[in-house]
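Trainee: Below is a structure I'd like to ask you about.
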Amino acid sequence: MNRFTGYYLAPMAELSHRALRELIEGFFAVPPSPSAGPGTVNDGERYRPVYYTEMISAPGLLARGPFEKWYLDSGPCAQRLVYQLVGADGDQLAAAAALLDRRDCLGIDINMGCAAPAITRTGAGIRWMENQDRAGRLIRTLRRITTKRLSVKIRLGPKINGGRDRNPRRFPAEEAGTPAVNGPGELPLWEPLLRFCRRLEEEGADLIALHPRTGEEKFKRRARWDYVERLRGELRIPVAGNGDIASAEEMARKAAAGPVMAGRLAVRRPWVFAQAAGLAEPPGPGPEGFRVEPPGDGAFESPPFTGGADPREETALRFLELLARHQPPEFHLSRARRFFHYYCDNFTWAEFLRNQLNREETLAGMGRIISGHCRSVEGPGPGLPVPPAAAMDGGEGL
Ligand SMILES: Cc1cc2nc3c(=O)[nH]c(=O)nc-3n(C[C@H](O)[C@H](O)[C@H](O)COP(=O)(O)O)c2cc1C
């Protein structure tokens, strides 16, 4: 029986933009390998991810700042795009949601999980989880404003034990090796979390995306997926699980139990959704002969390109081109660096390469560094020509 429930790209500031979406989509366009027989498909539209945007500031959107058009770019597949809004003021979020509702998109998400000081200081992000009534009223208002899929991205809560126990190591049930939601350690997090989510559901939320860490933990400890599973058992609406997914196999396996959202892995390996699609069972009755191409040996370590160039290099250069095409010059360097912070893990001497890229001031130069690295460190290969500087840097040159 098919139980595939959907893949999601997580909202990530400076990362979840059109260039990354196009890069990811590109891997689904790769034709089946010659060894695959007729009728073989590996890119069913239904396996393609739903894309969350990076968080968009509600006040920024309402002020119609100079960069808003880039944040609002819904390409290349608006039908699978969810805009994420962040803000502290309910009226501003409502006004921003009304603007987004008129756009072509799948859904609108409210960020109630971000724990970055720049966000929480303003009362936004995870601060919404401190007050269930305030959050509930917001979702009720938004439900009246939009018919799009309304989702909320959350964490387990701001702090363990309401902040009284500031040492996240002291989590009794986990320490004892039992799932945190089933032991004495569950109470500080589980009960308030469930009440909060039930309230969002009652007020009209269509989906909850849970990153099962507390705000205080940031990225420390492991994501507690047992909370995701338990929450799914309690709510009528779907719960997308998010956090620490490490491979296409894990993604495909987890997607049998509920929607799966991946963030950093999708930047490290932009091909991972396409790979996971090749692993999942076809959903529902497909056309006669519908088969999914299994990945070959070692497919988890390298992108499924068939061309002659080093596929990691090809992917990096393609990303730089897409970045130049779909983002304003003011964003190029910060976004390229943010991408390579994760993507460099694919290469030998990743830290060395990352440092070189961080010192580089142009996209074209970054492309040359990647290609040079592939030639000198990763071994000889035919390579790809680096696009001309004008194309890479939006006309700004080197
Ligand atoms: C660089 C970066 C930026 C992020 N920006 C956002 C954001 O804009 N909105 C949000 O809800 N979460 C944001 N997150 C959290 C991710 O959506 C996700 O919850 C987290 O990375 C855990 O998932 P992962 O282990 O698959 O990366 C960000 C995470 C990272 C690493």
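Trainee: Condition test on residue 252, is it in a helix (DSSP H, G or I) and within 27 Å of residue 336 (Cβ to Cβ)?
Mentor: no
Trainee: One residue is enough: does the range 80-91 have a residue meeting the conditions within 13 Å of the ligand (Cβ to nearest atom), free of Cβ contacts under 8 Å to residues at least 40 places away in the same chain and not in a strand (DSSP E or B)?
Mentor: yes
Trainee: Kindly indicate whether residue 73 is acidic (Asp, Glu), farther than 25 Å from residue 323 by Cα and at pLDDT 95 or above.
Mentor: no
Trainee: Next question, about the same structure. Working only within the range 244-262, note down all residues that are within 14 Å of the ligand (Cβ to nearest atom) and under 22 Å from residue 201 (Cα atoms).
Mentor: 255, 259, 260, 261
Trainee: Oh, and also: Restricting the search to the range 104-115, which residues are in contact (Cβ under 8 Å) with a residue 40 or more places away in the chain, part of a loop (DSSP other than H, G, I, E, B) and either more than 8 Å from the ligand (Cβ to nearest atom) or on the phi > 0 side of the Ramachandran plot (or both)?
Mentor: Across the range 104-115, the qualifying residues are 105, 106, 115.
For every residue, the table says whether it meets (1) within 21 Å of residue 331 (Cβ to Cβ); (2) of a type outside the set (Val, Ile, Thr).
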position	(1), (2)
67	yes, yes
90	no, yes
95	no, yes
107	no, yes
111	yes, yes
120	no, no
142	no, yes
156	no, yes
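Trainee: Pairs only if they're at least six apart or on different chains, beta carbon under 9 angstrom, first in the range 241-267 and assigned by TED's automatic domain parsing to the domain that holds residue 15 and closer than 17 Å to residue 197 by Cβ, second buried (at least 24 other Cβ atoms within 10 Å of the Cβ) and among the hydroxyl-bearing types (Ser, Thr, Tyr); list them, first residue then second.
Mentor: Close Cβ pairs satisfying both conditions: 241/227; 242/8; 259/7; 259/8; 261/7; 261/8; 261/52.
Trainee: Which pairs do you get when a residue that is within 18 Å of residue 127 (Cβ to Cβ), found in the range 212-237, comes within reach of a residue that is polar (S, T, N, Q) and within 15 Å of the ligand (Cβ to nearest atom), reach meaning Cβ atoms under 9 angstrom, with the pair 6+ apart or on two chains?
Mentor: That search, which allows pairs on different chains as well, returns 215/120.
Trainee: Cβ contacts < 7 Å: first residue among the acidic types (Asp, Glu), restricted to the range 349-377; second residue in a helix (DSSP H, G or I), any location; separation 6+ or different chain. Result?
Mentor: That search, which allows pairs on different chains as well, returns 360/366; 360/369; 361/333.
Trainee: Say whether the condition of being closer than 26 Å to residue 6 by Cβ, within 16 Å of the ligand (Cβ to nearest atom) and not in a helix (DSSP H, G or I) is met by at least one residue in the range 121-138.
Mentor: Within the range 121-138 (the criterion being closer than 26 Å to residue 6 by Cβ, within 16 Å of the ligand (Cβ to nearest atom) and not in a helix (DSSP H, G or I)), the answer is no, since none of the residues qualifies.
Trainee: Kindly evaluate residue 258 against the criterion of being at pLDDT 90 or above and in contact with a Lys or Arg (Cβ under 6 Å, 6 or more places away or on another chain).
Mentor: Criteria met by residue 258.
Trainee: Working only within the range 310-360, note down all residues that are crowded, with 16+ Cβ neighbours inside 10 Å and outside any helix (DSSP H, G or I).
Mentor: 310, 327, 347, 360, listed by residue number.
Trainee: If you go through the range 51-66 one residue at a time, how many are within 15 Å of the ligand (Cβ to nearest atom) and hydrophobic (A, V, I, L, M, F, W, C)?
Mentor: 4
Trainee: In this structure, does residue 365 turn out to be of a type outside the set (D, E, K, R), buried (at least 16 other Cβ atoms within 10 Å of the Cβ) and out of contact with any helix residue (DSSP H, G or I) (no Cβ under 6 Å at 6 or more places or on another chain)?
Mentor: Yes.
Trainee: Checking residue 229 against (1) away from the ligand (no atom under 16 Å from the Cβ); (2) of a type in the set (D, E, K, R); (3) touching a helix residue (DSSP H, G or I) at 6+ places or on another chain (Cβ under 6 Å), which single condition isn't satisfied?
Mentor: That leaves (3) as the condition not met.
The values are calculated or read from the model by the stated rules, or taken from the named source; none is laboratory data. The model shown is predicted, which means the values in this text are computed figures rather than measured ones. Note that each Cβ is placed from the backbone with ideal geometry, even for glycine, and that neighbours are counted across all protein chains shown.
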